[in-house]
Structure formats: structure tokens, C-alpha cells
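The structure appears below as C-alpha cells.
Every number here is computed from the coordinates shown, using simple stated rules; none is lab data. This is a predicted model, so every value here is computed, not measured. Quick reminder, even Gly has a Cβ in these numbers, built from the backbone with ideal geometry, and neighbours come from all protein chains shown.
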Amino acid sequence: MKKVLVIGSGAREHAIAKTFLRSPQVEQVIVAPGNAGMIEAGIETVDIKPTDFAKLIEFVKNNQIDLTFVGNEVPLVAGIVDAFDAENLKIFGPSKAAAQLEGSKAFMKKLLLDNDIPTAQAMTVTNLADAENAANQIGYPVVIKTDELAAGKGVSIHQTETETMAFLTDVFTKKPDCKLVIEEYLDGFEFSFFSLIGKNQVVHAPLAHDYKRRFDGDKGPNTGGMGSYSPVRSISQKVVQETIDKLVAPTLAAMQKNNTPYQGVLYTGVILTKNGPKVIEYNVRFGDPETQVVLPQLESDFYTLIDSLITGKQVQPVWQTKDVYVGVVLADPEYPKRQSGNFAIPHFTGEVDFASVDKNATDLVSDGGRILTLINHGKNMQAARQKVYAELAAINSVLAYRKDIAEN
């Protein structure tokens, strides 16, 4: 029987751990550092930081862990896979060099533009004058992205020159040495495309659509994600194939040519424009909250899938096709501004993936921004969302959530 270590602490890692636990081959799943809510699902946790590679390696060796799966982008960008590879420990994720696809927006945009992979036109800048020139050259509305990791909150859209210049002045006043990517605004429907890349094989998961803005109607600040659904039946198989052929495959080829070959989960943030699908962003791991609605659809063995991708064995995963899965994120009332308190966690009958929770003497309490994801499924999007929102309507809680997830 196998032992698995999952790196991370959020609802995404909870979903990953539960999926491993469903495997008849797996006897034990441990999450580092995990959270108190996971323990109730039969998942163990160990208090080791995701970036403490020495302690993680020591733990893996001392506990005979068979496979490590990295859920979070921070240790990937910091080089956890390189550290594990140096010790001949089995781990699934991209190298530090390949993780630049998410770690540096400038790296990603250069790779795409140099290889004619459809994406928004963009310019990378390091000072206020160049930033202002780039914004005016690209035109409005304009998208501004921080170069480094920003937990899903490093993107802003600006409608006018006055608004943009005020924003840029503020950014460079606070951080004169920052690097920004200024790019054109693309209009269209966005979807998340997950590819699992191993030795000589790439497999794809069902599409998902997520909701980044804090409030209903896509209003308010960007967040790490307030809800999602999967599969996305409005996207045709023709568009899916076009996404693979014109976006994903050329990116993997470009990474190989760039001497930064890719292995692990690749998240392609896609926008379907009038000129076809284009890349908005790449992430080097599963998305959150999309993972919570994608992985429950896997009917075959998750351990076999990941182990086969690492070792180079051919594998064909089986995904359900009958239902749509909907997940709604519950958050602190002040999220994403701050954490305003430790609130009681309601008891749910549906599927729950916990994120920022702790445990007092008797009960789970909130301990951060996004607290949990509540998931359900039905024969279509409307049926699935009705189940989730019926359960939310039945609870009495100050935790905040959007009322329009999977509405359209």
C-alpha cells in the first residue's frame, strides 16, 4: 500500500488529498501543512512549511513516502522539484526553471510572443515612463499585471488614461524597482484548461469556469476565486482541440526548445475571442477553486495516473460525463481586504473542501480569507447550483459568498 504527501494547505489540496485517498492502492495521505478541516476526512497533516525543503525531504525519507504531489505554486517556483530530484524522491511538478511560466509573467509573455502562440499583445516595463508609454501604445482598456506571484490578485484592468496613470504612479512610488507586464484587454469567454504532463504523454481534464471577482455580477476586487463549475458544456470539442493544438502543444514544444522541459500540472487560462482561443495566463499547478469541481469527476485511479505520468507508463484516465459540478467559496466577510475574525463553520451535508480553518476546543472556525468550498453536482448546471444554494440558504452564518456562481 502506498503513502502520499500533498504539499499545501487550502481547499485545492484538500480535494487532491481526497482524490488520492479514493485509490485502493493508497493507505495514507498526509498534507503539509494542511488544515484542521482535512483531519475530519481521514487525512493526516504535518506542520511543515511548503518551502522548508530540508524538513520535507527528511519527512519523506523517514516515513517512506512513495509519491509527493505539489498543490501550491510557491514551493514550485522556489525549486522544490529540483530539491526532491536531487535526492531521487518521486515528486510531481515542474522544475524551478519551468515554473517560471507562472513565477514570471514577463517570462511567460516572451515565450508566447516569441513562438507566435495566440495571446494578448504585451510589453514588459520597469519604470514609470515606460509603463505610461506602453499603456498609451496598447490602448484602453488596458490590463496591468505584476511580474511575480500574487496569489491570483496581481491583475487589474483600467478603463481610461487618467485612471491608469494614477495607478502606475502609485505602484512605482511604493515600489520603484517593480516589474510590470502591460497588455491589451481581450474580450470573450474565459475557461480553465488543465493538462497533466508526464514523460512522453499529456492528458487533459474536463474544462472549468471560475469567478475571480469578489461580488455578484463580476464586481469588486480580484480574489483567488469565489466559485467555479465543470465541465463547461458551452465550449465545443472543436475549440477544445484548437486549444490543445494552438496553445498547449506549442507552449510545451517551446519550453522544450527553451531547455526548460515541462512536467506536472499545467493550467492554461484561456479566453475564447472572436479570433479563436488565446492564452491569458499559465499556472504551474491546479487552480483553486477549479480543482474542487474537476477532480471529483475522475472515475479512474488518481495514484495510477500520477505515478504513470512520472515513470513514463501509458495511462488513460476516465472522467465522468453525465453531471455538472458546481463549487461555491465561502469567505471572511472582509475578504480580500483582511481577516476580520474567527467565525464558526456551519455543518454541511454536501461535499466540503476546507481551506483557512482552525479548531478551537470543540469546533472548526475560520482562520483566513477563503474558508471553504461547498460542492454539489447535478444533470446540468442549474440542477447542481440549485443543490448548493439550497444548502447555503439553510444555514445561518456571517461567512460571505457570491449568489451567482454557475448562473450563466
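Observations, loosely collected:
- Over all pairs of different C-alpha atoms in the range 226-365, the reciprocal of the mean inverse distance, the Kirkwood hydrodynamic radius, equals 18.3 Å.
- Ellipsoid semi-axes in whole angstrom, largest first, where each is sqrt(5λ) of the Cα gyration tensor of the chain: 31, 26, 22
- Sparsely packed GluC sites (Glu not before Pro) within the range 301-408, loop by DSSP, other Cβ within 10 Å at most 12: GLU334
- Area projected by the alpha carbon convex hull of the range 324-393, averaged over all directions, nm²: 4.8
- Greater than 24 Å apart at Cα, pairs in LYS179/LYS274; LYS199/LYS274; LYS61/LYS96; LYS55/LYS90; LYS61/LYS257; LYS145/LYS238: LYS179/LYS274; LYS199/LYS274; LYS61/LYS257; LYS145/LYS238
- Within the range 167-243, trypsin sites (Lys or Arg not before Pro) in DSSP loop having at most 13 other beta-carbon neighbours inside 10 Å: LYS199, ARG233
- Highest-fluctuation residue, THR173, THR291, THR19 considered, GNM on the chain with Cα pairs under 10 Å: THR173
- Neighbour cut-off at most 15 other Cβ (10 Å), DSSP loop, GluC sites (Glu not before Pro), the range 216-317: GLU299
- Ordering VAL31, VAL46 from the fewest to the most neighbouring beta carbons within 10 Å gives VAL46, VAL31.
- The distance linking the range 297-370 with the range 165-214 is 21 Å (Cα centroid to Cα centroid, whole angstrom).
- Kirkwood-based Rg to Rh ratio, the range 2-95, C-alpha trace: 0.93
- Across the options ASN200, VAL293, ASN275, the greatest Cα extent toward the positive end of the charge dipole of the range 193-307 (unit charges at beta carbon of Lys, Arg, Asp, Glu) belongs to ASN275.
- In the range 181-258, the alpha-carbon atoms span a convex hull of 150 Å³ per residue.
- Placing unit charges on each Cβ (+1 for Lys and Arg, -1 for Asp and Glu) gives the range 250-367 a dipole about its Cα centre, and among GLY312, LEU252, ALA331 the Cα reaching farthest toward its positive end belongs to LEU252.
- The length gained by stretching the chain between GLU163 and LYS403 to full extension, at 0.36 nm per residue less their Cα-Cα distance, is 83.4 nm.
- Of all the options LEU89, LEU21, LEU196, the one that moves most in a Gaussian network model of the chain with Cα springs shorter than 10 angstrom is LEU89.
- Charge tally in the Cβ shell below 10 Å around ALA15, where Lys, Arg are +1 and Asp, Glu are -1, ALA15 excluded: -3
- A straight chain from ASN380 to THR321 at 0.36 nm per residue would run longer than the Cα-Cα distance by 20.2 nm.
- Taking 12 Å as the straight-line reach from the Cα of LYS246, the aspartates and glutamates in range (excluding those fewer than 8 positions away in the same chain) are ASP116.
- Where a label projected 7 Å from the Cα of ALA393 along Cα→Cβ would reach, residues of the range 317-358 with amide N under 18 Å: 326-329, 348-350
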